[in-house]
Amino acid sequence: MSEDCLFCKIVDGDVPADIVYESDSALAFRDISPQAPTHVLVIPRKHISTINDLDEFDRQLVGDLFMAAKQIAAQEGIDESGYRAVMNCNKGAGQSVFHIHLHVLGGRGLSWPPG
Ligand code: DGP
């Protein structure tokens, strides 16, 4: 838990969110500013600021985030049509909340490369 972290506050229930998935290690909720018909953020309950802060003990946790993404895609009905699961690292890549989160985006065509 990091005192001034927005996503830690969502984990603790101090900031409301539209939660679509919960497990012992992870939580997922709808993005406040959706960039696609489905835009869900999957986060670990544990505070980790960026991908660069992951350590060896986080291997399982990172796997949990992707397993959650897979389940959410099925729940949202975008597993067959296609979706993107992406994590931005640091400001230059667009990270604005420094508690790692996997964006799960789908429900429309997604171009590549991203901007
Ligand atoms: P990134 O830019 O990769 O750090 O993504 C942060 C995302 O978090 C961005 O898409 C908007 C979303 N977001 C920011 N504040 C809130 C909030 O208070 N609630 C929810 N549900 N999403 C938020």
Problem set entry | Residue list for the stretch 16-30, filter: under 17 Å from Tyr83 (Cβ atoms), more than 9 Å from the ligand (Cβ to nearest atom) and not aliphatic (A, V, I, L, M) | Tyr21
For this session: Answer yes or no as to whether Ile100 is under 28 Å from Gly115 (Cβ atoms), within 13 Å of the ligand (Cβ to nearest atom) and β-branched (Val, Ile, Thr).
Result: yes
Problem set entry | Any pair with Cβ under 9 angstrom, 6 or more apart, that starts in the stretch 26-46 at a residue that is free of Cβ contacts under 8 Å to residues at least 24 places away in the same chain and ends at one that is more than 9 Å from the ligand (Cβ to nearest atom) and not in a strand (DSSP E or B) | Leu27/Val11; Leu27/Arg45; Leu27/Ala68; Lys46/Met1; Lys46/Val11; Lys46/Ser25; Lys46/Asp58; Lys46/Leu61
Seminar exercise, completed: When every residue in the stretch 19-71 that is under 19 Å from Asn90 (Cα atoms) and among the acidic types (Asp, Glu) is compared, the one farthest from the chain's Cα centre (by Cα) is Asp55
Problem set entry | Residue count, the stretch 64-89 (criterion: open to solvent by less than 30 Å² (accessible area, probe 1.4 Å) and either within 16 Å of the ligand (Cβ to nearest atom) or within 17 Å of Ser25 (Cα to Cα) (or both)) | 4
For this session: Would you tally the residues in the stretch 1-10 being in contact (Cβ under 8 Å) with a residue 60 or more places away in the chain and closer than 17 Å to Leu65 by Cα?
Result: 2
Exercise. Hey, among Gly92, Gly13, which residue is in a helix (DSSP H, G or I), more than 10 Å from the ligand (Cβ to nearest atom), open to solvent by 50 Å² or more (accessible area, probe 1.4 Å) and free of Cβ contacts under 8 Å to residues at least 24 places away in the same chain?
Worked result: Gly92
Seminar exercise, completed: Scanning the stretch 31-50 for residues that are within 11 Å of the ligand (Cβ to nearest atom), among the β-branched types (Val, Ile, Thr) and more than 18 Å from Gln75 (Cα to Cα) gives Ile32, Thr50
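The values are calculated or read from the model by the stated rules, or taken from the named source; none is laboratory data. Every value quoted in this text rests on a predicted model; they were computed, and no experiment measured them. As a convention, Cβ positions derive from the backbone with ideal geometry for all residues, glycine included, and neighbour counts pool all protein chains shown. Accessible surface areas use protein heavy atoms only, side chains included; no ligands, DNA or RNA. Shrake-Rupley method; radii C 1.70, N 1.55, O 1.52, S 1.80 Å.
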